[in-house]
Amino acid sequence: MGKDVIIACDFSSAEQTFAFLDKFTGKKPFVKIGMELYYAEGPSIVREIKERGHKIFLDLKLHDIPNTVKKSMNVLSRLGVDICNLHAGGTVRMMEAALEGLTRPDGSRPLLIAVTQLTSTDQESMENDLLIKAPIDEVVMHYAENAKKAGLDGVVCSPLEAGKVHDRCGKDFITVTPGVRFADGDIGDQKRVMTPAEANRIGSDYIVVGRPITAADDPVAAYERCVKEFIG
Ligand code: C5P
């Protein structure tokens, strides 16, 4: 599994997305398509970006009954994406069903990773709203272990958790980490951030970087800096 920088294409239209991607002449960065862009443009945006030669992490975070997730994953698998995800909170059975749905007739499938607890959920909201009383770090690690048990390939987590996830679930269990900022950059609304070099040291396999690249004066230079700091 190679390390890579994934650009979060958090745009609201195909037009904005292609204007951004057109800046990368000759290079085809790995991109993340999230709910906003997918719901605005539908599956055609995925096909078009794929046709341009990019790898795609389709970040739709599925969470439903196992049968519905299985059938939906089957549809997403046919789009030819490289990584899909779901909420580990949907249970081990839901994650197993998702894997079945993703697997193509020839046995190939996109990587499947799980969101453990969202980073917007804190101890207080988890206890009060979800009635989960265990320490949040333990919950995150337990959900990561459930994902591994179900046969998933890894988790989305904070770069601060990546080392611990590898300790508990093995070094081949992929960690995909947002919350990355340049040492001299704006942290914006992210709370706990790491530089690409720190994320590398702690063992992130993929970093997901949005605004430090998409909002940069020179996005291509910012992307290249990120790759250099993360991969060397
Ligand atoms: O612009 P920025 O680098 O903060 O973008 C980070 C991306 O990663 C966004 O698409 C955001 O939704 C996503 N993400 C995150 N924190 C999580 C899960 C996903 O920032 N815990």
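The values are calculated or read from the model by the stated rules, or taken from the named source; none is laboratory data. Here the structure is a predicted model, which means the values were calculated and not measured. Here the Cβ is made from the backbone with ideal geometry for all residues, glycine too, and neighbour counts use every protein chain on show. Heads up: the accessible areas ignore ligands, DNA and RNA and are worked out on the full protein's heavy atoms, side chains in. Shrake-Rupley method; radii C 1.70, N 1.55, O 1.52, S 1.80 Å.
From Ile56, Ile65, which residue is within 16 Å of the ligand (Cβ to nearest atom) and either of a type outside the set (S, T, N, Q) or open to solvent by less than 10 Å² (accessible area, probe 1.4 Å) (or both)?
Answer to the selection: Ile56.
Quick one: count up the residues across the range 23-48 that are of a type in the set (Val, Ile, Thr), away from the ligand (no atom under 14 Å from the Cβ) and surrounded by 12 or more Cβ atoms within 10 Å (Cβ to Cβ).
Within the range 23-48, residues that are of a type in the set (Val, Ile, Thr), away from the ligand (no atom under 14 Å from the Cβ) and surrounded by 12 or more Cβ atoms within 10 Å (Cβ to Cβ) number 2.
Considering only residues that are at positive phi and not hydroxyl-bearing (Ser, Thr, Tyr), look in the range 68-118 and name the one that is farthest from the ligand (Cβ to nearest atom).
Among them, the one singled out is Gly107.
Being farther than 28 Å from Glu96 by Cβ, among the polar types (S, T, N, Q) and modelled with pLDDT under 95 narrows it down to one of Gln117, Gln190, so name that one.
Gln190
Out of Gly170, Gly232, Gly185, Gly179, I need the residue that is over 14 Å from Pro29 (Cα atoms), more than 11 Å from the ligand (Cβ to nearest atom) and at pLDDT below 95. Which one?
Being over 14 Å from Pro29 (Cα atoms), more than 11 Å from the ligand (Cβ to nearest atom) and at pLDDT below 95 holds for just one of Gly170, Gly232, Gly185, Gly179, which is Gly232.
Which residue is surrounded by the fewest Cβ atoms within 10 Å (Cβ to Cβ), if the candidates are limited to the range 128-167 and must be within 16 Å of the ligand (Cβ to nearest atom) and of a type in the set (Gly, Ala, Ser)?
Per the criteria, the residue is Ser158.
Given the criteria in contact (Cβ under 8 Å) with a residue 40 or more places away in the chain, closer than 26 Å to Ala162 by Cα and touching a helix residue (DSSP H, G or I) at 6+ places or on another chain (Cβ under 6 Å), does Val92 qualify?
Yes.
Looking for whichever is open to solvent by less than 30 Å² (accessible area, probe 1.4 Å), touching a helix residue (DSSP H, G or I) at 6+ places or on another chain (Cβ under 9 Å) and assigned to a strand (DSSP E or B) here; the options are Ile213, Ile207. Which one fits?
Ile207
With the condition kept exactly as written, say whether any residue in the range 82-89 is open to solvent by 40 Å² or more (accessible area, probe 1.4 Å), closer than 23 Å to Asp10 by Cα, not acidic (Asp, Glu) and not in a loop (DSSP other than H, G, I, E, B).
No - not one qualifying residue is present in the range 82-89.
How do the pairs read when you match residues in the range 186-212 that are on the phi < 0 side of the Ramachandran plot with residues anywhere that are open to solvent by 60 Å² or more (accessible area, probe 1.4 Å) and within 9 Å of the ligand (Cβ to nearest atom), using Cβ under 6 Å and keeping only pairs 6 or more apart or on different chains?
Val193/Ile187; Gly210/Asp10
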